[in-house]
Ligand SMILES: [Zn+2]
């Protein structure tokens, strides 16, 4: 359901551009990855937010764009 989270974050202007600090205007789905599973000693960590997207700021005068699977870091509450 990560794309839904991204979509709502962009629509709600909660996805912020790290360069100009204005809301990111656009995103494009790049790949839906299989949920990342990290196995360590005695634990298994499953990351269900495994979508890669291309984020594009889209604000005037800002050319920031990034393809990332760590998009949650740009969401503010
Ligand atoms: Zn920007």
Selection within segment 1-31 - assigned to a helix (DSSP H, G or I), touching a strand residue (DSSP E or B) at 6+ places or on another chain (Cβ under 8 Å) and modelled with pLDDT of 95 or more: 9, 10
Answer residue from segment 7-19, given it is closer than 17 Å to residue 68 by Cβ and out of contact with any helix residue (DSSP H, G or I) (no Cβ under 6 Å at 6 or more places or on another chain) and is farthest from the ligand (Cβ to nearest atom) among those: 7
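The values are calculated or read from the model by the stated rules, or taken from the named source; none is laboratory data. Please read these numbers as outputs of a predicted model, since none were measured by experiment. All Cβ positions, glycine included, derive from the backbone under ideal geometry; neighbour counts span all protein chains shown.
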